[in-house]
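Asks: Handing you this structure, nothing more for now.
The values are calculated or read from the model by the stated rules, or taken from the named source; none is laboratory data. Because the structure is a prediction, the values reported are computed rather than measured. Counting neighbours? That spans all protein chains shown, and the Cβs are built from the backbone with ideal geometry, glycine included. These accessible areas exclude ligands, DNA and RNA; they are computed on the full protein's heavy atoms, side chains included. Shrake-Rupley method; radii C 1.70, N 1.55, O 1.52, S 1.80 Å.
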Amino acid sequence: MNWKTNLQLRDLDNEQAIEVTCKSCGHTRYELPENLKRREELKHAYLDEVEAALSCKQRGCHGAVRIALSTDAETEGFMGGLA
Ligand SMILES: [Zn+2]
């Protein structure tokens, strides 16, 4: 198990930025949970499903992405809280 399969989008604070990095071109952008939750299919999604649903927005790329919470410290906090 990892935090992506344990956490749902709705478990995150609305202002907790999610770092979205393209596996193909390396382009990084940030998404906020409150924006992603406006997508009907993501409202109750776990973060691994969010990762699968997102793709790179660079023109002509549309590569698969990897998501991370914006600070490592907070990610560890989540993991500690779930342990
Ligand atoms: Zn890309």
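Asks: Pull out all pairs, ordered by first then second residue, where Cβ-Cβ is under 6 Å, the residues are six or more apart or on different chains, the first lies in the range 12-30 and is in contact (Cβ under 8 Å) with a residue 40 or more places away in the chain, and the second is polar (S, T, N, Q) and outside any strand (DSSP E or B).
Replies: 17/70; 19/70
Asks: Identify the residue in the range 33-59 that is within 16 Å of the ligand (Cβ to nearest atom) and touching a Ser or Thr at 6+ places or on another chain (Cβ under 9 Å) and, among all such residues, is nearest to residue 70 (Cα to Cα).
Replies: Filtering the range 33-59 for residues that are within 16 Å of the ligand (Cβ to nearest atom) and touching a Ser or Thr at 6+ places or on another chain (Cβ under 9 Å), the one nearest to residue 70 (Cα to Cα) comes out as 56.
Asks: Scanning the range 5-32 for residues that are away from the ligand (no atom under 16 Å from the Cβ), touching a strand residue (DSSP E or B) at 6+ places or on another chain (Cβ under 7 Å) and not hydrophobic (A, V, I, L, M, F, W, C), which turns out nearest to residue 68 (Cα to Cα)?
Replies: By that ranking, first place goes to 16.
Asks: For the range 71-79, indicate whether the set of residues that are open to solvent by less than 70 Å² (accessible area, probe 1.4 Å), modelled with pLDDT under 95, more than 16 Å from the ligand (Cβ to nearest atom) and in a strand (DSSP E or B) is non-empty.
Replies: Filtering the range 71-79 down to residues open to solvent by less than 70 Å² (accessible area, probe 1.4 Å) leaves 71, 75, 77-78.
Filter once more, so that each one left must be modelled with pLDDT under 95: 71, 75, 77-78.
Add one more test, that the residue is more than 16 Å from the ligand (Cβ to nearest atom), and what stays is 71, 75, 77-78.
Keeping just the survivors that are in a strand (DSSP E or B) gives none.
Looking for residues that are open to solvent by less than 70 Å² (accessible area, probe 1.4 Å), modelled with pLDDT under 95, more than 16 Å from the ligand (Cβ to nearest atom) and in a strand (DSSP E or B), one finds none in the range 71-79, hence no.
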